[in-house]
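Only one structure is covered here, and it is reproduced in the block below.
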Amino acid sequence: MTDKFDRTPAGSPAGPVSVSKGATPAPENIKAIPVRHVGRWISGVVVIGLLVALGYAFSQGNIQWHAVGDKLFDKNVVAGAGRTLLISVLAMVLGVILGVVLAVMRLSKNPVTSWVAWLYIWFFRGTPVYVQLLLWFNLALIFPVLNIPFIYKDEMTDVMTPFMCALLGLALNEAAYMAEICRAGIQSVDEGQTEASHALGMTQGKTMRRVVLPQALRVIIPPTGNEFINMLKTSSLVYAVTYNELLRSTSQIGSTSYAVMEMLFVASIWYIVMTSVFSVGQYYLERRFARGSLRSLPLTPWQRVKVNLAAFGNRPSGGVSA
Amino acid sequence: MTTPMVKAEGVHKSFGAAHILKGIDLEVAPREVFCLIGPSGSGKSTFLRCINHLEKINAGRLSVDGELVGYRQKGDKLYELKDSEVALQRRDIGMVFQRFNLFPHMTAIENVMEAPIQVKGETKAVARARAEKLLDRVGLSDKAGNYPTQLSGGQQQRVAIARALAMEPKLMLFDEPTSALDPELVGDVLDVMRGLAEDGMTMIVVTHEMGFAREVGDALVFMDDGVVVESGHPRDVLTDPQHDRTKSFLSKVL
Ligand SMILES: Nc1ncnc2c1ncn2[C@@H]1O[C@H](COP(=O)(O)OP(=O)(O)OP(=O)(O)O)[C@@H](O)[C@H]1O
Ligand SMILES: [Mg+2]
């Protein structure tokens, strides 16, 4: 840190130049003692102290840290993380598609479709997802055979594999939430847009697909990103339907190797890595769909780094146009 | 006798209990520039929106180029048209809004290309070629890649006109196309409209620009409280109004 303030004022020429004698001398820079931010120092010390205490507590706890490292990339753990990702992505995709359909149905002029969508949302939002998963899992108790006349017939237990239970349970529940998010998004689009589109001769369907939904996405995407990050974590509930995702695969290792806590750490690390990666992805996705709503997009962190680097080479650069 | 481009006979429109249009009778000839003036709330926009069936009329008959708007007549019975059939009718009627209503997620040229591709099934190349020509016509060929937020109000409105023209309509509806614009931007938009009029486009223009009405208009109607109060040649109505209501309105706006 420097406490000298005697640099020549910016813009003044470096070498000796003939300055007329009568010129006013460069103003003396203010020498003042800066405000002391005592609170910042105190809070910083307190936080560091607490962290040290926490770290110490964990280091004294009966934890085999090496087990965490050893098992982090265990092939069952990695496979479990892969399944968590798979089931989350599939459930989300299905949930979004069904959610959009439900939202359009809900807003439809047809009272029957609107009412059906309302009923669906009412049921799936009104019951815990855990209960829904168990319902799918135990479906065979009341329908031993799945029979769609002339098309399909099979034992329910063959159809309702752990994977199917997990997928249906998560996706159908998600659809109810996505429907409400999409509805809000669709309703946020100015009515003038629909009118302009209709006036051009576009049908209801084309208007929805080409004009309304793309604009609704800007409103829909941020909460959808949150939903997906939630989904990554909620997917741990499919433990209950014996689908071998991350939590289940780590817990199995934990209970056989008596490293219960260690394996929960392993699971936590994987969850936090996955949610962090998708948070970054969400940032870029939101940026992409801000096109047309801002005159120029703000720089991404990476572009800012590049601009700063370029500034060292004295190359000016501005914002990126949308 | 040629078929009128627009023919309204006793058109009524209510929103719930509010009776807005109380029997409108008028005819717009092909290639005519037809101006519609009147105080705020008199139902001008509502009438314009009835012409392309954005609003359903409650009584009377409204036809465009000899075809009933929104209905099909068989014998003495009227059948409501399906969504897709209404869309088919609207292809031929362009509309320009007070607040532009450009699609904000598309660039200027994409706005112009959208309907021909989606509605007429044109190829991108054909649509793009026409869009370029139209943007040039409204003086915006250098702004083709801009999003609407990157354009001034006057430029947005000219893109909106190009977008409507891309469907090659036989009738253009303008709903106060310049009233959301700063005064210095009004001229560019009016110039484009003047050019359209010279090319023989049939236009119905709701406007407060009396200068434009006098100079370009072939016919003018003064509406108040949901009825046509006075109509005639713009020169006559604007300089020598016959009705008191027209007089008092004109004295306020001129
Ligand atoms: N969708 C609607 N529902 C209910 N009332 C409406 C609707 N649209 C218009 N109105 C009413 O109809 C009346 C006429 O409206 P309109 O927009 O046609 O007037 P205008 O002559 O275009 O006025 P301005 O010059 O202000 O645009 C107004 O009182 C308005 O409140
Ligand atoms: Mg109006």
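The values are calculated or read from the model by the stated rules, or taken from the named source; none is laboratory data. All figures in this text were calculated on a predicted structure; none of them were measured in a lab. All Cβ positions, even for glycine, are placed from backbone atoms using ideal geometry, and neighbour counts span all protein chains on display. Surface areas here come from the heavy atoms of the whole protein model, side chains and all, with no ligands, DNA or RNA. Shrake-Rupley method; radii C 1.70, N 1.55, O 1.52, S 1.80 Å.
Things worth noting here:
- Residues of the stretch A:271-284 satisfying the condition of being modelled with pLDDT under 90 and open to solvent by 80 Å² or more (accessible area, probe 1.4 Å): A:Y283, A:Y284
- Identity of the residue in the stretch B:18-32, within 20 Å of the chain's Cα centre (by Cα) and within 16 Å of ligand 2 (Cβ to nearest atom), that ends up most open to solvent (accessible area, probe 1.4 Å): B:I20
- The stretch B:144-254 holds strands (runs of 3 or more DSSP E) entirely within its bounds, and those carrying 2 or more residues that are open to solvent by 30 Å² or more (accessible area, probe 1.4 Å) map to B:227-232.
- With respect to the conditions (1) surrounded by fewer than 20 Cβ atoms within 10 Å (Cβ to Cβ); (2) within 16 Å of ligand 2 (Cβ to nearest atom); (3) in contact (Cβ under 8 Å) with a residue 60 or more places away in the chain, B:F15 lacks only one, and its number is (3).
- Selection count, the stretch B:22-66, where residues are at positive phi and near ligand 1 (Cβ under 10 Å from one of its atoms): 3
- Of the residues contained in the stretch B:11-19, one or more are found to be outside any strand (DSSP E or B) and more than 9 Å from ligand 1 (Cβ to nearest atom).
- Residues in the stretch B:92-111 that are over 17 Å from B:T149 (Cα atoms) and crowded, with 20+ Cβ neighbours inside 10 Å: 4 in all.
- The one condition in (1) crowded, with 21+ Cβ neighbours inside 10 Å; (2) under 23 Å from B:R31 (Cα atoms); (3) within 11 Å of another protein chain (Cβ to nearest Cβ) that B:E114 fails to fulfil: (2)
- Residue within the stretch B:51-60 that is open to solvent by less than 10 Å² (accessible area, probe 1.4 Å) and either among the β-branched types (V, I, T) or facing chain A (nearest Cβ under 8 Å) (or both) present: yes
- Tallying residues that are part of a helix (DSSP H, G or I), in contact (Cβ under 8 Å) with a residue 40 or more places away in the chain and open to solvent by less than 10 Å² (accessible area, probe 1.4 Å) within the stretch A:192-249 yields 7.
- The number of residues in the stretch B:35-72 that are within 16 Å of ligand 2 (Cβ to nearest atom) and assigned to a strand (DSSP E or B) comes to 3.
- Taking the stretch B:171-217 as the range and being in contact with a strand residue (DSSP E or B) (Cβ under 9 Å, 6 or more places away or on another chain), within 14 Å of another protein chain (Cβ to nearest Cβ) and within 16 Å of ligand 2 (Cβ to nearest atom) as the test, the residues that pass are B:L173, B:F174, B:D175, B:E176, B:P177, B:I204.
- Looking across B:R91, B:R72, one residue alone is of a type in the set (K, R), more than 20 Å from B:V206 (Cβ to Cβ) and within 8 Å of chain A (Cβ to nearest Cβ). It is B:R91.
- Residues being more than 14 Å from A:T207 (Cα to Cα), of a type in the set (D, E) and in a helix (DSSP H, G or I) - total across the stretch B:85-119: 2
- Enumeration of residues in the stretch A:115-146 that are assigned to a helix (DSSP H, G or I) and among the aliphatic types (A, V, I, L, M): A:V116, A:A117, A:L119, A:I121, A:V129, A:V131, A:L133, A:L134, A:L135, A:L139, A:A140, A:L141
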